[in-house]
Each structure stands twice: as structure tokens, then as C-alpha cells.
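What follows is a short report on a single structure.
The values are calculated or read from the model by the stated rules, or taken from the named source; none is laboratory data. Only a predicted model underlies this, so the values are computations on that prediction, with no experimental measurement involved. Methodologically, a virtual Cβ is constructed for each residue, glycine included, from the backbone with ideal geometry; neighbour enumeration extends over all protein chains shown. Quick note on the areas: whole protein, heavy atoms, side chains included, nothing else; ligands and nucleic acids left out. Shrake-Rupley method; radii C 1.70, N 1.55, O 1.52, S 1.80 Å.
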Amino acid sequence: MVVKVYGPEYASTKRVILALVELGIDYEVVKVDLFKGEHKTPEFLKLQPFGVVPVVQDGDYTLYESRAIIRYYAEKYKSELLGKTIEERGLVEQWLEIEAHNFQPPVYDLVVQLLFNPKLGIPTNQERVKEDDEKLARVLDVYEERLSQSKYLVGDSFTLADLSHIPFTQFLGGMGKEHLLRDRKHVSAWWDDISTRPSWKKVHELYPAPF
């Protein structure tokens, strides 16, 4: 059965699509246009009461929150994307939480300030941009230390911990912020590795960055 993925073809929706491609799961995208407010329509709110994308429908099963979705499918298909041991699974969960609470917030705010706001005619808050730069630099210093010890965040194998970073990290180049990656030797090598995986090349070719 084909999994239906509701959302725009970028950002958190791409996190889900990328995981499905890695796992070899058939899917179709049901486009939800955020700029037209389609995520706040009564029809969509029946699927996701908070009006946030993405959402997946797998037969009669509906699930939302992108990281919950990728965990679900990796578990369902017994994938090593969750780690090869219980200890690795713990580290995958740890780095997924770090990505969600430490890495994505400043990156997301940069995307809003530098990409979304200009599109919507809203002035960029340069003070917020400066704060986000500083926050992200501190986070990436921690990543640099970790990645000096292993090829990937959890060890020598690519996992959901790495995968979850890809869709938002791609925006750094388009915002003139790629130096935050390139100034850190091990972070830079990690990004070159995970951003050239066949799965991401396929997803990026199908759904190019909109900005």
C-alpha cells in the first residue's frame, strides 16, 4: 500500500520522504500549500488538529510529527537506521532530541527571517539573525567535537540521527550561512557525506529547494 504524505515538498515533509526513500517504501505526496493556508482548512485539521505538516496516511493509520513518523517506519521495517544495538538506539534517540531542540530551532528561525519573511513582505529582524548565528555556532561546536570521534553522530553507520538533519541543513547555503558548516572540519566532512547519499540526491532532484 502506498503511503500518503501530506505537506509541502520541503522542510519537515522532506525528512519523512527521505526516510521512506531510504527504506524503499512507496509513497505519494499530497501537496499542502502553506502560503495559501491549506494547513488550516477544516479538512486538513481533521488529519492534524494543530494544523502542522507533515502527516502520513498508511491505510487506516494516520500519524503526524516528522520525527515520530521516521521512527515509526524505521521500527516497522526493523531498520538499522535506528542503530544496531540497544546502546546505539539510545544514541540515535539522544541525537534526534538534540536535533529537534538544539539544532533546528536556530536554523528554522534563520529560514523564517531570511527566506520566508522576504517572500511574505515582512522585514528581516537582523538582531534575531545575529542571535541565531551565535546559537547555531555553539551547537555546531558540540557537533564538531562529536564528529571528531566518529564518522556519523552515532558511530560508523548512517542513522536517523544524521538523516533528520538533512532537510533543514540544506537551507544554510541558500541563506549565505554555509560557512557555519565549512569552518568546522569534521562537520563539513559529515555534511558532504550525508548530503551526497543517493537517497537525498533522489529526493532533492524530485523536490528542489523552493528558495
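So what is the accessible area of the chain per residue, in Å², with the probe set to 1.4 Å? Each step should come with its number before you reach the end.
On the way: 10370 Å² over 211 residues.
Value for the chain: 49 Å² per residue.
At q = 0.25, 0.27 Å⁻¹, what log₁₀ I(q)/I(0) does the stretch 1-76 have when each alpha carbon counts as one equal point scatterer in the Debye sum?
-1.21, -1.38
How much of the accessible area of the stretch 59-211, in percent, comes from carbon and sulfur atoms when a 1.4 Å probe is used? Let's see the in-between values first.
Values: 3910 of 7700 Å².
The C+S portion of the solvent-accessible surface of the stretch 59-211 is 51 percent.
Going by amide H atoms built from the backbone, whose H comes under 5 Å of the H on Val29, apart from near neighbours?
For Val29, the qualifying residues are Val5.
Which FRET efficiency, nearest 0.05, do Tyr61 and Lys31 yield, Cβ-Cβ r, R0 25 Å?
Details: r = 21 Å, r/R0 = 0.84.
E(calc), rounded to 0.05, equals 0.75.
Towards the positive end of the charge dipole of the chain, with charges on Cβ (+1 Lys, Arg; -1 Asp, Glu), say which of Leu23, Asn125, Ser157 has the farthest Cα.
Towards the positive end, the residue furthest out is Asn125.
Could you sort Arg71, Arg128 by accessible area so the largest value comes first, with the probe set to 1.4 Å? It would help to have the intermediate numbers written out before the result.
Details: Arg71 50, Arg128 95 Å².
Order by accessible area, largest first: Arg128, Arg71.
Evaluate the distance, in nm, between pseudo-label points positioned 7 Å from the Cα of Gln94 and of Ser150 along their respective Cα→Cβ axes.
0.8
Leaving out ligands, DNA and RNA but keeping every protein chain, what accessible area does Ile86 have, in Å² rounded to the nearest 10, with a 1.4 Å probe?
That residue has around 130 Å² of solvent-accessible surface.
Report ³J(HN,Hα) in whole Hz for each residue of the stretch 170-184, in order, from the Karplus equation J = 6.51 cos²θ - 1.76 cosθ + 1.60 where θ = phi - 60°; Gly and Pro get x.
Each residue's phi maps through the Karplus curve to give 4, 6, 4, x, x, 9, x, 10, 5, 4, 4, 7, 5, 6, 10 Hz.
What residue among Ile17, Ile70, Ile25 has the largest mean-square fluctuation in a Gaussian network model of the chain, using Cα springs under 10 Å?
In this elastic network of the chain, the residue with the biggest mean-square fluctuation among Ile17, Ile70, Ile25 is Ile25.
Could you give P(r) for the stretch 114-154, binned at 5 Å from zero, as whole percent values over all Cα-Cα pairs?
Values per bin, smallest distances first: 5, 21, 16, 14, 13, 11, 11, 7, 2.
Set the bar at 27 Å for Cα to Cα. Now go through Lys78/Lys202; Lys4/Lys201; Lys46/Lys84; Lys4/Lys135 and name every pair that lies beyond it.
Working: Lys78/Lys202 23 Å; Lys4/Lys201 21 Å; Lys46/Lys84 37 Å; Lys4/Lys135 35 Å.
Among Lys78/Lys202; Lys4/Lys201; Lys46/Lys84; Lys4/Lys135, the Cα-Cα distance tops 27 Å for Lys46/Lys84; Lys4/Lys135.
I need the calculated FRET efficiency for the pair Thr41 and Ser195, taking r as the beta carbon distance and R₀ as 41 Å, to the nearest 0.05. Let's see the in-between values first.
Numbers: r = 34 Å, r/R0 = 0.83.
Once rounded, the FRET efficiency stands at 0.75.
With springs connecting C-alpha atoms under 10 Å apart, model the chain as a Gaussian network and identify which of Arg67, Arg89, Arg197 has the largest mean-square fluctuation.
Arg197
Which shape class, rounded, prolate or oblate, goes with the chain when its Cα gyration tensor gives a ≥ b ≥ c as root eigenvalues, a/c under 1.5 marks rounded, and past that a/b bigger than b/c marks prolate? Intermediate results must be reported in sequence, preceding the final value.
On the way: a/c = 1.82, a/b = 1.07, b/c = 1.71.
Oblate is the answer for the chain, as a/c is 1.5 or above yet b/c matches or exceeds a/b.
Sort Val21, Val5 from largest to smallest accessible area, using a 1.4 Å probe on the heavy atoms of the protein chains.
Val21, Val5
May I ask you to rank Asp156, Asp132 by accessible area, largest first, using a 1.4 Å probe over the protein chains only?
Numbers: Asp156 125, Asp132 10 Å².
Ranked from most to least accessible, the order is Asp156, Asp132.
For Lys119, which lysines qualify as cross-link partners when the Cα separation must be under 23 Å and same-chain residues fewer than eight apart are set aside?
Cα-Cα hits under 23 Å: Lys14, Lys31, Lys36, Lys40, Lys130, Lys177.
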